[in-house]
Amino acid sequence: MKILRNETIERRAEARLAELARSLGRSLSLPIPIDRLAEDVLGLDFLWDEIEELPGETILGGLDVESRQVILNSRRYDLFTQKPGLERSTKGHELGHWDLFINRAMLGEAALPGIDVGSRDIIRRSHGHAVAVLAANLRDPWFVDLAYQLLQRADTPDESRAVNRYAAAISMPRELVRAEVAHVNVTRWTDRYDLAERCGVTITALGVRLDQLGLSYVADKRNIHRSKAEAAGQLGLEGLGSDGDR
Ligand SMILES: [Zn+2]
């Protein structure tokens, strides 16, 4: 599987968002209408349908390449309802699979190594994980986010990283997020929750995005910093080494 650089993924997402803006005839604002991006730009539809799960498994979504449909598992409707933002990240994840790995192969563009368009794997893929121990914790938003991270096990680590980056980039475009951050205090939880709501994403998804963009770094639930370097400085570790993300 080809490793896609983050910058390549960001640019692909931005090109798609530009197509969406042209299609809508207006500039984009938050929350990004990713359903329209799927339908108008990528030519995909959404379908709520039952996806079979193995015992102890939770599958949120899948991609039916042949019918160009993103499937959301109707068995997990309650979970999507309990967790605003989960539907968006699930959709974004599947759109990422389509746009980064499958679409170009389908279109006869240079197929990426490791992609066999004819394989069952590609025709209907979904993601599952063992969830038996999670059931009791589903009302804890932090826990559900952790669970969501585990859902990606069916993907190779790099594919998972790439499609999640794509999902973040289409829902939280970097220019729009930077503009928002300029007039809120991202080290305050209330501001972060407001911003997450404006983006239509989970608080954890927002946190990952702010860290990716170098706009804030959460050392732990109580301590949010403008950057990793600032966090290190406050801990008296300044000068011990920089990871250069400032
Ligand atoms: Zn996946």
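The values are calculated or read from the model by the stated rules, or taken from the named source; none is laboratory data. Please read these numbers as outputs of a predicted model, since none were measured by experiment. For neighbour counting, all protein chains shown are included, and Cβ atoms are generated from backbone atoms with ideal geometry for every residue, glycine included. Ligands, DNA and RNA are excluded from the accessible area calculation, which covers all protein heavy atoms including side chains. Shrake-Rupley method; radii C 1.70, N 1.55, O 1.52, S 1.80 Å.
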### Query
Is the stretch 54-70 home to any residue that is free of Cβ contacts under 8 Å to residues at least 24 places away in the same chain and among the hydroxyl-bearing types (Ser, Thr, Tyr)?
yes
### Task
Any chance you could count how many residues in the stretch 211-231 are in contact with a Phe, Trp or Tyr (Cβ under 9 Å, 6 or more places away or on another chain) and in a helix (DSSP H, G or I)?
5
### Query
In the stretch 27-45, what residues are under 21 Å from GLU66 (Cα atoms), in contact (Cβ under 8 Å) with a residue 12 or more places away in the chain and surrounded by fewer than 17 Cβ atoms within 10 Å (Cβ to Cβ)?
ASP35, ARG36, ASP40, GLY43, ASP45
### Query
Which condition number does VAL218 fail, the rest of (1) of a type in the set (A, V, I, L, M, F, W, C); (2) open to solvent by less than 30 Å² (accessible area, probe 1.4 Å); (3) modelled with pLDDT under 90 being met?
(2)
### Task
Go through the stretch 156-196 and give me each residue that's free of Cβ contacts under 8 Å to residues at least 12 places away in the same chain and in a helix (DSSP H, G or I).
PRO157, SER160, ARG161, GLU175, ALA179, THR190, ASP191, TYR193, ASP194
### Message
Given the criteria farther than 21 Å from GLY85 by Cβ, within 17 Å of the chain's Cα centre (by Cα), open to solvent by 60 Å² or more (accessible area, probe 1.4 Å) and touching a residue at least 24 places away in the same chain (Cβ under 8 Å), does GLU14 qualify?
### Response
yes
### Query
Do we find that THR81 is hydroxyl-bearing (Ser, Thr, Tyr) and open to solvent by less than 60 Å² (accessible area, probe 1.4 Å) in this structure?
no
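Okay, residues lined up against (1) surrounded by fewer than 18 Cβ atoms within 10 Å (Cβ to Cβ); (2) within 16 Å of the ligand (Cβ to nearest atom); (3) at pLDDT below 90:
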site: ILE122; (1), (2), (3): no, yes, yes
site: ARG165; (1), (2), (3): no, yes, no
site: ARG174; (1), (2), (3): yes, no, no
site: VAL184; (1), (2), (3): yes, no, no
site: THR202; (1), (2), (3): no, no, no
site: LEU206; (1), (2), (3): no, no, no
site: HIS225; (1), (2), (3): no, no, yes
site: GLU230; (1), (2), (3): yes, no, yes
